[in-house]
Amino acid sequence: MINLFQAMQAFVKVADAGSFAQAAEQLSVSTSVVTRHVSSLEKHLGIRLFQRTTRKVVLTEAGADYAAGCRMLLAELEEVESRATTTSKEVAGDLRIVALGSFSLFRLTPLFAEYQAKFPHVNLRVTLTEKRVDLLEGGFDVGIVTEHMIRSESLVVRRLITSHAVPVAAGAYLAQAGYPKTPADLARHRMIAASTDTSPQTWVFRKNSAGAGDEEMVALDASFTVNSMVMQKQATLGAMGVALLPLEMVADELRAGTLVKVLDDYAVLNGDVAVSLVYPSREFVPRKIREFIDLAVGFFN
């Protein structure tokens, strides 16, 4: 008779590692044992979970769906066992987080530090990215990302912060290229922008004194694109052009005068960056995840 728990555990290890040998090493068993568990699971389910080649192991579509469910069940079992086998309320284990890289550099470190101070036995496994991400497929417990980056379905999405974006440039660049007085003047300037589909392809301006409907659109013809807001900021500081960046990201440089806000009489209507907390939608949320969710919501409130 199949030991379903052990088979599921072995299957998830192979799915995460992409290798039977690496999974066996992590479980401290032989490769043949892991292979037997996965084969038994495939026979039990009547489906093929992996496509196997001589070089790699890839989940089938059915295998990917089953892996997502197994991860949830194993996480819940881990939490149940933790509650049953400890007399304290200690929270332990790994917490896998995916976060918007540029946002994390100036907002998330204090949150992570506060969480680990409260729960020192939880290991934070943080992945930074600027790309769209599938939370379940990537094996993450929680994400702190822009809503444009979310690929997974059936997730809880809780807005943490909306960061206002402003057009900025270095004083040295403006001294050479001139100060734009209207959005149309940007056509004569070098533009810095994101290279991903998470950024608007046009900037929509409205003069502060104008009413609704009096909007001016500027199509981006960027001379420099990069999929990192941090690099966009560095390029702007390097006098490479005008960029649209979150105000909080450039506040220190604006105060110091190393960057200058341009088109101060205008507001950019479509450049704000909304960052949200996302996690799988299910009734049972392991305590280490629940504690992080509660702390993050309170931290940004």
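Just so you know, all these numbers are worked out from the coordinates, no wet-lab data involved. Since we're looking at a predicted model, the values are computed, not measured. Glycine also receives a Cβ, built like all others from the backbone with ideal geometry; neighbour counts cover every protein chain displayed.
Here are some notes:
- Each Lys and Arg Cβ is given +1 and each Asp and Glu Cβ -1; about its Cα centre, the chain then shows a dipole of about 580 debye.
- Applying 1/(1 + (r/R0)^6) with R0 = 41 Å to the Cβ-Cβ distance of A239 and D94 gives a FRET efficiency near 0.45.
- The range 243-301 versus the range 108-171: alpha-carbon centroid distance in Å: 10 Å
- Legend: helices of the chain (whole DSSP H runs) are marked when their alpha-carbon atoms reach 15 angstrom or more along the helix axis and their mean Kyte-Doolittle hydropathy is at least 1.6; nothing is marked.
- Using the Cβ-Cβ distance between E25 and A274 with R0 set to 41 Å, the FRET efficiency works out to roughly 0.50.
- The packing ranking of peptides 268-274, 45-51, 135-141, highest mean first, is 135-141, 268-274, 45-51, where packing means the average number of other beta carbon atoms within 10 angstrom of each residue.
- Spin-label proximity, L295 to the range 96-140 - amide N less than 16 Å from point 7 Å beyond Cα toward beta carbon: 96-99, 107-127
- Close Lys pairs in the chain (alpha-carbon distance under 23 Å; sequence gap of 8 or more, or different chains): 13.
- Pairwise FRET efficiency - T127 versus V58, Cβ, R0 = 30 Å, nearest 0.05: 0.90
- By DSSP, the beta bridges lying fully in the chain are antiparallel in about 65 percent of cases.
- Estimated at 0.36 nm per residue, the fully extended path between V157 and S209 surpasses their Cα-Cα distance by 15.2 nm.
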